[in-house]
Each structure stands twice: as C-alpha cells, then as structure tokens.
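What follows is a short report on a single structure.
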Amino acid sequence: MKIGAKTFKTPFWIASSDLIRTKSQAEEVLKYGQNMIGSIVWKTTTLEPREGYKEPIVCDFYDGFLVASGMKNLGIHKTIHEIKEFKEDFPEQSIILSIASVNFDNPVKEFSDMAKLIRDIPIDGVELNLSCPHQVSGEKYKTELLAQNPEMVEKITKVVKDTLYGTDKILIAKLTGWNTDIVRVCKVAENNGADAITVSNIFPGMGYYTGLTEKKNGYSYKVGEPLLGNFKGGYTGVAMLPATLLIVNNVANSVNIPVIATGGCMSSNDAMIQAFLAGASAIASATFYYDSNCRTCRDFSNDLRERKEILEKFVKEKIVNI
C-alpha cells in the first residue's frame, strides 16, 4: 500500500507503544515478523525525556486494557540516536517516528523544534500524536486533547509539513474520535499537508479494583483502589472495535488520503477484515503484538502470516479494496 511517495510492503503496522523505545526492543520485535511488518511506528517521543507515571501503568479490563505510561520516553535526542543505530543494521525496515508535545501553552513551537531535528534522519515519516490521553497530566478529570482543537491541528500540521518540505517523508496525523468533530478535524489535517490519518487513538478511561475479578498485571490492590497509578489513563483493545470501525468509515468517506485504523483491529481475523471493509488502508496495532499481560512481545509470526493470506484472498475476490 502507498502513502504519499512511500510504498509499504504490507498494511500491517506496529503502532506506537512502550513495545519499541530502543534499538534492542525493535530488534526483538523483528524476530517474529521482519518480512511482514509494513512499518514500525516508534514510541512517541517528546522534546525532553519523560519518566512517566507510577505503577501500575497497565491493567486488563474486560475485553481490553487500561494504560497510563505517561508518555514515558527517552526524549527526542536519545530517540534519534536509537533509530539511527537500528537503521544501520536494518536499513530496509520502514520506521515512522511519533512525536508529541505536552506543552499546552506552546505546542506548535515544540512540534516545530522536533521536526527540525528529525528532518534529515533515516525514517520514512512522522506521526503527529495529537490525541494521547497523557498529554495533560496532574489533573485527574481533565481529558483535553490537541486533536479536539481544529485550529491547533491546522497550525501543528502546517508547521511540521513546511519543515519537512524537500524530503520524501510522509506526515501522518493521529487523531481521536473522542469528544470531537472527527470529520472536520481530519479535513483540516488533510488540507494542511497530512498524507494520512490514523484513527482512533485510545480513549480516556479509568477503573477500580472490586476484588470480584482477578487482575493479571501482578499488582496487589486494595478494594476500591484505582487500577492505574495515575488514576486515569487510556482504554484500548477489542472492545473499541465497533467505535473504531464507525470512525474509520466516517473519515474514509470524507478525506482523499489513506486512513490507518487502530483500536482492536488486529484482535482476530474477522476484526482485521472488518477494519479494511470500513475503509482502512492499513492497520496499526499495539496490543496484537503484546503478551497476555500487555508487557512484552509475543511470537506473532504465524498469526500475522495467516492474516496476510486471508487479506490477500479478500483482495483477490474484490471484497476488500486497498
């Protein structure tokens, strides 16, 4: 599949997550599917390093997971170093770098500064993470996201696109269906230079320990205690799939650029086909690649090979068009 000037060998991507912050982590993932991963979206980085939130940062919750890592990352400079070292050993593996700002007073400048730093590094594109629930910290009940503000999306997309001008790097806007006019915001991103749209990021969420169900993250809770160390976080997993499908379909029918689906889309063969029928050109997944505790990478090679064969069949029969 193609986005802008780039061609990707498969439409199966690894979404930005704690799974890949370093070269060694990326190498571990490639053991299980080097020839089938269309692109790796490197863990979202900010201008400065972030330590993240206190444990627990992940907990199973019905048919999904609550997550609150707090955008833990190495910072843009160390992240660039890790990516450069990785690309020296794996020059053919596509990498998209996800960037974000946690400065709501002046996010445009932070995005501009990061874009200048990564303009000439060996990556295929940049993902603007405008929709992470951890962009706002310290306030328990606040769920404000940059992706909910069309004017901010316009300014950030334009300044990064202008900075990348003259390169062949693609620009992807990662937006949200949470509490926003998603079609309007996606059109704004498209009109200001986005080559693709990723929807929908994890929705803000929270949960409590009742003692009535066992939790698998190895953390000892007291009854009534929040499941996440940060109280609130984001919710992801197969339970998001119906909402993801509707959002993807709305966006795909409203813009003229590819849509990358995320949120439960790789949880099963059926879910994968559902995402492409909804209008997705690719799937970016994180939980598909994790083990049952959502902590480390599992062996996904056979599952991904099976999905590839199934998708090829649906494309050949012209049921799915990508």
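Tell me, in nm to one decimal, what length is gained between MET1 and LYS142 on full extension, where the rule is 0.36 nm per residue of separation less the Cα-Cα distance?
Values: separation 141, 0.36 × 141 = 50.76 nm, distance 3.77 nm.
Stretched out fully, the MET1 to LYS142 stretch lengthens by 47.0 nm.
For every helix of n ≥ 4 consecutive DSSP H residues, a contribution of -39,500 (n - 2.57) applies; sum these over the chain, divide by its total residues, and give [θ] at 222 nm rounded to the nearest 500 deg cm²/dmol. Please list the in-between numbers first.
On the way: 8 runs with 96 residues, N = 322.
Taking each H run of at least 4 residues, the total per residue is -9500 deg cm²/dmol.
In nm, to one decimal, how far is the GLU28 label point from the VAL315 one, both placed 7 Å along Cα→Cβ?
Simple spin-label model gives 3.1 nm for this pair.
For semi-axes √(5λ) of the Cα gyration tensor in Å, pick the label among [x] 37, 31, 20; [y] 53, 14, 14; [z] 26, 24, 20 that corresponds to the value derived from the coordinates.
Answer by label: [z].
Could you list the trypsin sites (Lys or Arg not before Pro) in region 262-322 that lie in coil according to DSSP, counting only those with at most 16 other Cβ atoms within 10 Å of their Cβ?
Working: sites: ARG295, ARG298, ARG305, ARG307, LYS308, LYS313, LYS316, LYS318; in loops: ARG295, ARG298, LYS318.
Here the trypsin sites (Lys or Arg not before Pro) that fit, given the DSSP loop and packing criteria, are ARG295, ARG298, LYS318.
Name the trypsin sites (Lys or Arg not before Pro) in region 31-110 that are in a loop by DSSP and that have at most 10 other C-beta atoms within 10 Å, would you? Show your work: numbers first, answer last.
On the way: sites: LYS31, LYS43, ARG50, LYS54, LYS72, LYS78, LYS84, LYS87, LYS109; in loops: LYS31, LYS54, LYS72.
Passing both the DSSP loop test and the Cβ count: LYS31.
Do any GluC sites (Glu not before Pro) in region 75-153 lie in a loop, going by DSSP, with at most 11 other beta-carbon atoms within 10 Å of their beta carbon, and if so which? Numbers along the way, then the final one.
Values: sites: GLU82, GLU85, GLU88, GLU92, GLU110, GLU127, GLU139, GLU144, GLU151; in loops: GLU92, GLU139, GLU144.
Those that pass, being in a loop and sparsely packed, are GLU92, GLU139.
Since every read-out is calculated from the coordinates, none of them should be taken as a lab result. Just so we're clear, the structure is a prediction, and the values are computed from it rather than from any experiment. Reconstructed Cβ throughout: ideal geometry from the backbone, glycine too, with neighbour counts over all protein chains shown.
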